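For reference, the structure discussed in these notes is given below.
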Amino acid sequence: MPHWAFFVRRLSFGNVAINPQLFTELLSNSVNLQSLDLSGNSSLFSHPFGMKPDMFGNDLCRETVGRNLRKLSLANLSLTEGNVALMLDLFPLIDDLDLSGCMFDFSDSTTDRRSATELTPQCLSFSTILHIIHLRNSKREISEQPLVLRLNSTDINDLALSALGRTLRLRGIFLDNCRNLTDWGICDFITSQAPFKCMREFSFGHPGPDVSGRAWTTIVTELGDELTFLRLSKWPKISQRCHRSLENFRSIRHIDFSLSLSINISGVHWQGFNHLTALNLSGHNYLTDSEASAFISGLRNQLNYLDISCCTHLSDNTLYQLSFHQYDSLEALIANWCSGFTNAGILGCSTEDGRYLPGISSLKRLKTLNMSDCRHITGFAFSFPPLPLCFSKNLTSLKLARVSLIKGHIVRGIAYSAPVLEVLDIARSDIDDHTVEEISAKLSYHLRELNVSGCENLTDKSLCHLSANLPFLRALDVSFCPNITQEGIKAFREIMPYLSDFKCLYSGMSVPCCLLFSRLSFLEL
């Protein structure tokens, strides 16, 4: 067993096949493990020698990893009630359980029961799962944290959610893309949980058509003082009166209103949000510079995460405001598809009266930057010279897909100036095999995800350089690279054991002109 198992705190086997016996041995040695992701790994339970209670003799797992594991993801798995009971028995201190995408039978929570012929063997009985979790909670100390339950993309209905609210005391609930829920189910659940005053995280993005401002009012009045995380992406239209109630969330740390164009943030007094550190306003294409300036200045040196992607009305003035008011705090800026940004917003510029306005290159704590598809930004903004970017030494993720004039020397400069890059997206850039060789050699200890799709000068030599310099690469996209052959792709797959996400659409062949035109036209919109 590898010596590093003792130091691991997070493990993810999402969509990666693994031998159950080796898996249990690894777990037994990962005594400091706090988060385990098994999403999409159904073979771990369906394998003839899969997870079974007798594989953990003498309470071995409970006495090792079971002492510290707090977060467990079983999302998108074909499970039985016994599988869930086993995992909760092995890891009794779990306080964050993800069952998103699992197939549940909610008929036992409704009066409209389905016949047995309509149920598949993989369906979990929701009432049984609630009973298992309730029994497990009854054995825990009262002082221990309540559970965070994630049920995203399931068919949960109002009656099942109501039963959940009356059975369990929860610290958080995630119901994104649960389209069967209505105002009644949400309001009844929240009303049941409110007396406990434990709810800290609430997520209900992409709701169904039967959700309205009534649910919003209940969230504000019953949970407003307690919530630290709130996601209401693509929320339906609510009344203007409800907008003012946003200021009730005094303890909030993370707000996600992406694609919720009906939620108007103008007029909000952001100075009162003393704990807010993450804000997602993606898709608010009517957001103006003045509205952005209000929350940027009101949350001075508080934000460490900001998503303003697809906010097409913003200009460089917003980037100047970020550089001035979030200089010591901002760590992640997601700003793809912002057509109003230019090189000046990155590098800074001088005004007619002689003042200098710094760009986001002065953000010294920035670790994640996404400027993909910003049509008025060019590779010149990231070349070295004109000047080294202050944030480059800390940068771990950089996405510049389809940014014009990204040349080979610019990419090489990025690799040398940002030595700890883990994610690099330079799709449709003008690079060649030599550039790939240099950046893979320079970033060999850190780079784990690389997107070079649409780079037409790359050949099989690039795959050879990547396999030699980046043996631990996890994700690679070489789609629309016509000079990379199918033989090279096959050989590359065979020698990259850690590669779990490999895209190679239309590589090794001439891309049909009509398809290429359609794809490129879409990207230019």
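Does region 106-115 contain any residue that is touching a strand residue (DSSP E or B) at 6+ places or on another chain (Cβ under 8 Å), over 25 Å from residue 28 (Cβ atoms) and modelled with pLDDT under 90? Yes: one or more hits. For region 473-507, which positions are part of a helix (DSSP H, G or I) and of a type outside the set (A, V, I, L, M, F, W, C)? Scanning region 473-507 gives 486, 487, 488, 490, 493, 494. Which residue is surrounded by the fewest Cβ atoms within 10 Å (Cβ to Cβ), if the candidates are limited to region 469-488 and must be over 21 Å from the mean Cα position of the chain (by Cα) and among the hydrophobic types (A, V, I, L, M, F, W, C)? So, considering only residues that are over 21 Å from the mean Cα position of the chain (by Cα) and among the hydrophobic types (A, V, I, L, M, F, W, C), the one surrounded by the fewest Cβ atoms within 10 Å (Cβ to Cβ) is 472. Looking at residue 437, is it part of a loop (DSSP other than H, G, I, E, B) and closer than 14 Å to residue 408 by Cα? Judged against the criteria, residue 437 is not a match. The residue list 456, 449 contains one member that is of a type in the set (D, E, K, R), surrounded by fewer than 17 Cβ atoms within 10 Å (Cβ to Cβ) and closer than 29 Å to residue 334 by Cβ, which is 456. The residues on offer are 151, 168, 175, and the sole one that is closer than 26 Å to residue 221 by Cα and in contact with a His (Cβ under 8 Å, 6 or more places away or on another chain) is 168. All conditions in (1) at negative phi; (2) in a loop (DSSP other than H, G, I, E, B); (3) not charged (D, E, K, R) hold for residue 283, with the sole exception of (1).
Across region 218-255, the qualifying residues are those that are part of a helix (DSSP H, G or I) and at pLDDT 90 or above, and the one among them that is surrounded by the most Cβ atoms within 10 Å (Cβ to Cβ) is 219.
The values are calculated or read from the model by the stated rules, or taken from the named source; none is laboratory data. As the structure is a computational prediction, the values presented were derived from the model and not from experiment. Positions of Cβ are generated from backbone atoms using ideal geometry, with glycine treated the same way; all protein chains shown enter the neighbour counts.
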